[in-house]
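Heads up: the structure comes next, in structure tokens.
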Amino acid sequence: MHLAYPAVLAALLFCTGLYGVLARRNAILVLMSVELMLNAVNLNLVAFDVWLRDTLHAGQALTLFTIAIAAAEIGIGLSIVLMVYRNRGTSDVDKLRDTAEGRSADDAASALADKAAHEAAQKAEAAA
């Protein structure tokens with residue numbers, strides 16, 4: 001088997017995944033693109049393991065670890081996307097970049113300080 005065939009296929013898969021990560025706006029499609037990139041890495045690991053005729057099959061062992069990590073990543077990533085969708089009503093990546101919802105860092109810090117001062121004043125009134 002020539003090494004070029006799986007290497008070219010893995011490069012095409014990786015480029016497709018990279019395009020999906022950079023061009024997509026939906027968080028679930030971004031996660032699917034990351035999975036494509038991981039599968040390209042898995043294909044390379046197995047292809048080089050077969051090509052080098054490794055007696056320990058290190059490439060296949062690393063592929064199993066990569067599959068386990070990808071499964072955990074998808075589980076955690078989907079749960080985060082679902083919670084963000086429930087709270088914000090959208091899974092658009094561009095709309096989720098700013099966690100302060102349009103406020104700058106200084107405005108958010110001053111809002112937190114005002115909230116803490118207000119809570120302290122309420123506690124002082126309740127104690128009096």
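I need the Kirkwood Rh of the chain: take the reciprocal of the average 1/r across all distinct C-alpha pairs and report it in angstrom. One over the average 1/r among Cα pairs gives 18.4 Å for the chain. Average accessible surface for the chain: 73 Å² per residue, computed with a 1.4 Å probe over protein heavy atoms with every protein chain in place.
Just want to confirm a number: the relative contact order over the chain, from Cα pairs under 8 angstrom separated by 6+ residues, in percent. Could you put the intermediate results ahead of the total?
On the way: 86 pairs, mean separation 28.3, N = 128.
Relative contact order comes out at 22 percent.
All other residues with a Cβ under 15 Å from the Cβ of GLN60 taken together, and with Lys, Arg as +1 and Asp, Glu as -1, what is their net charge? With Lys, Arg at +1 and Asp, Glu at -1, the net is -1. Compared with the dominant principal axis of the Cα atoms in the chain, helix 27-52 is inclined by about 30°.
Share of the chain's accessible area from carbon and sulfur, percent, 1.4 Å? With neighbouring chains kept in place, the figure for the chain is 67 percent.
Under the rule a/c < 1.5 gives rounded, and otherwise a/b versus b/c splits prolate from oblate, where does segment 1-73 land using the Cα gyration tensor?
Details: a/c = 5.42, a/b = 1.64, b/c = 3.30.
Because a/c hits 1.5 or more and a/b fails to exceed b/c, segment 1-73 counts as oblate.
The values are calculated or read from the model by the stated rules, or taken from the named source; none is laboratory data. All figures in this text were calculated on a predicted structure; none of them were measured in a lab. Neighbour counts run over all protein chains shown; Cβ positions are idealised from the backbone, glycine included. Accessible surface areas use protein heavy atoms only, side chains included; no ligands, DNA or RNA. Shrake-Rupley method; radii C 1.70, N 1.55, O 1.52, S 1.80 Å.
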